[in-house]
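Asks: First the structure, then my questions, so here it is.
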């Protein structure tokens with residue numbers, strides 16, 4: 001396997017190249033070379049570097065990948081997606097999922113409500129930061145799976161939409 005991609009991580013463009021097979025990989029991020037081991041169990045990834053092992057929670061939400069490592073949450077998109085505003089050209093899923101663990105601060109929609117792209121659906125709190133989960137297209141709310149105060153896990157379904 002060989003991959004080369006420019007991604008945006010927390011607003012900064014990075015060039016990533018990955019070569020390898022199975023769980024032994026070599027990677028280059030910008031000009032930094034890395035040799036690493038990689039193991040996946042659901043949304044949890046264990047990454048072994050030369051000097052340490054870290055566990056990361058990785059959740060894909062449409063065109064965005066959220067990565068939580070050592071208490072820090074990073075938002076990653078393909079650079080092309082970042083330039084065009086993200087989810088507009090991507091594949092839409094009717095299931096709106098939690099990008100990270102946290103607490104539901106507000107549910108801004110109810111079943112049967114019409115929403116348009118960008119409308120806020122749920123407000124989450126993770127590590128004292130608020131994240132607004134928004135609709136990525138015109139839709140009708142079919143199901144609401146969370147309530148205010150609920151604790152949520154990455155990948156948990158929050159809302160189900162039916163796109164127009």
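Asks: Might you check whether a residue that is under 18 Å from residue 156 (Cβ atoms) and not in a loop (DSSP other than H, G, I, E, B) occurs anywhere in the range 110-117?
Replies: Among the residues of the range 110-117, not one is under 18 Å from residue 156 (Cβ atoms) and not in a loop (DSSP other than H, G, I, E, B), which makes the answer no.
Asks: Here is a further query. Tell me which residues, restricted to the range 39-52, are over 20 Å from residue 154 (Cα atoms) and in contact (Cβ under 8 Å) with a residue 12 or more places away in the chain.
Replies: Listed by number, the residues that qualify are 48, 49, 50.
Asks: Still on this structure, I have one more. Given the structure, is residue 31 surrounded by 14 or more Cβ atoms within 10 Å (Cβ to Cβ) and either more than 17 Å from the chain's Cα centre (by Cα) or within 29 Å of residue 97 (Cα to Cα) (or both)?
Replies: When the stated conditions are applied, residue 31 does not pass them.
Asks: I've got another one for you. Taking only pairs six or more apart or across chains, which ones have beta-carbon atoms under 6 Å, a first residue in the range 132-152 that is in a loop (DSSP other than H, G, I, E, B), and a second residue that is exposed (fewer than 14 other Cβ atoms within 10 Å of the Cβ)?
Replies: 137/163; 138/116; 138/164
To keep it simple, each residue is scored yes or no on (1) in the same structural domain as residue 140 (by TED's automatic domain parsing); (2) modelled with pLDDT of 80 or more; (3) at positive phi; (4) over 9 Å from the mean Cα position of the chain (by Cα).
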position	(1), (2), (3), (4)
61	no, no, no, no
64	no, no, no, no
68	no, yes, no, yes
71	no, no, yes, yes
74	no, yes, no, no
77	no, no, no, no
86	no, no, yes, yes
96	yes, yes, no, yes
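The values are calculated or read from the model by the stated rules, or taken from the named source; none is laboratory data. Given the structure is predicted, the values throughout are model-derived calculations rather than measurements. Counting neighbours? That spans all protein chains shown, and the Cβs are built from the backbone with ideal geometry, glycine included.
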